[in-house]
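The values are calculated or read from the model by the stated rules, or taken from the named source; none is laboratory data. Computed from a predicted structure; not experimentally measured. Positions of Cβ are generated from backbone atoms using ideal geometry, with glycine treated the same way; all protein chains shown enter the neighbour counts.
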């Protein structure tokens with residue numbers, strides 16, 4: 001009987017440790033994220049599952065090309081996923097079907113189609129980033145007041161891996 005209690009206690013300890021470790025990882029290290037909507041096509045499609053690195057921006061700054069999950073200013077309880085286009089100190093403008101940073105047009109192989117409309121020029125202030133969806137003409141992003149310039153404090157993390165569906169498994173880099 002004593003041996004059985006010891007074995008059960010060891011199992012309980014192992015389960016509690018596993019739960020504590022899982023909660024720590026989810027809270028501070030990585031998180032699963034499900035893409036909803038078409039705003040990041042053709043890079044990401046609705047229903048795809050990603051791993052988000054939640055601690056990377058404690059050590060580095062967001063950079064152009066990073067795909068980030070964040071809470072928009074008008075909907076702080078919701079998660080949005082977009083690509084970082086411009087960072088603090090840069091001037092961003094949308095015109096002539098393209099995106100311009102500090103007067104130079106970006107080369108963007110990941111966008112679905114040319115970008116309609118005009119925006120800016122706007123200088124990105126310290127502590128903020130400018131984000132766009134890859135499906136520019138079907139994306140609620142920094143061009144709109146509901147999202148606006150994204151504060152670094154509202155960033156949940158950076159997309160690092162698409163793990164579902166398996167045939168689209170991909171490790172993300174800044175180049176897309």
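Laid out as a table, the results:
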quantity: Residues (touching a strand residue (DSSP E or B) at 6+ places or on another chain (Cβ under 8 Å) and in a loop (DSSP other than H, G, I, E, B)) located in region 97-116; calculated: 102, 103, 106, 108, 110, 114, 115
quantity: Criterion violated by residue 72 - all others in (1) more than 20 Å from residue 165 (Cα to Cα); (2) part of a strand (DSSP E or B) satisfied; calculated: (2)
quantity: Selected residue (only one of 57, 33, 70 is farther than 25 Å from residue 112 by Cα and touching a residue at least 40 places away in the same chain (Cβ under 8 Å)); calculated: 57
quantity: Selection within region 75-84 - surrounded by fewer than 22 Cβ atoms within 10 Å (Cβ to Cβ) and either under 22 Å from residue 163 (Cβ atoms) or out of contact with any helix residue (DSSP H, G or I) (no Cβ under 8 Å at 6 or more places or on another chain) (or both); calculated: 75, 77, 78, 79
quantity: Residues (surrounded by 15 or more Cβ atoms within 10 Å (Cβ to Cβ) and part of a strand (DSSP E or B)) located in region 146-160; calculated: 150, 155, 156, 157, 158, 159, 160
quantity: Of all residues in region 104-122 being crowded, with 16+ Cβ neighbours inside 10 Å and under 14 Å from residue 138 (Cα atoms), the one that is farthest from the chain's Cα centre (by Cα); calculated: 115
quantity: Single residue of 10, 78 found to be at pLDDT below 95, in a loop (DSSP other than H, G, I, E, B) and farther than 15 Å from residue 172 by Cα; calculated: 78
quantity: Residue list for region 117-136, restricted to those being part of a loop (DSSP other than H, G, I, E, B), under 23 Å from residue 155 (Cα atoms) and touching a helix residue (DSSP H, G or I) at 6+ places or on another chain (Cβ under 9 Å); calculated: 127
quantity: Yes/no for residue 158 being under 18 Å from residue 53 (Cα atoms) and out of contact with any helix residue (DSSP H, G or I) (no Cβ under 6 Å at 6 or more places or on another chain); calculated: no
